[in-house]
Amino acid sequence: MSSLTPILRSLHWLPVHFRVIFKILLLTYKALNGLAPDYIRDLLRFNISGRTLRSSNNRLLDEPRANLKMHGERAFSVAAPRLWNKLPLQIRLSSSEAVFKATLKTYLFKRAFDL
């Protein structure tokens, strides 16, 4: 893999692991903004607190517990909220899908290649 890293970087391609994260987060963005099918939207819930907190406007998702250790954590309903909540607020609050995709790819590219 280390010999491919400069090539991926020069082509501005994400490594496979980060590409999977990109796809999960893009589908999550679409679901939260009414651009995905209902069956996907129904898998995600916003984290709603009984009290008014500063974090209430951060668009954080409720992270369900995985039933099975291996496959449960890979389920979209578990992985998507975990990844979404780790994103910077600026990306979560993107105004459009195009802006979200561009800022997300830049963020993941920097993480993948330690820039």
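The table for this structure:
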{"item": "Matching residues, the stretch 74-104, being at pLDDT 90 or above and not in a helix (DSSP H, G or I)", "result": "LEU87, PRO88, LEU93, SER94, SER95, SER96"}
{"item": "The stretch 14-25: number of residues that are in a helix (DSSP H, G or I), in contact with a Leu (Cβ under 7 Å, 6 or more places away or on another chain) and among the aliphatic types (A, V, I, L, M)", "result": "3"}
{"item": "The stretch 40-73 - residue that is of a type in the set (Lys, Arg) and either on the phi > 0 side of the Ramachandran plot or in a helix (DSSP H, G or I) (or both) and, of those, modelled with the lowest pLDDT", "result": "ARG54"}
{"item": "Looking only at the stretch 1-50, and only at residues there that are of a type in the set (Val, Ile, Thr) and under 11 Å from the mean Cα position of the chain (by Cα), the one that is farthest from ARG65 (Cα to Cα)", "result": "VAL20"}
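The values are calculated or read from the model by the stated rules, or taken from the named source; none is laboratory data. Given the structure is predicted, the values throughout are model-derived calculations rather than measurements. Note that each Cβ is placed from the backbone with ideal geometry, even for glycine, and that neighbours are counted across all protein chains shown.
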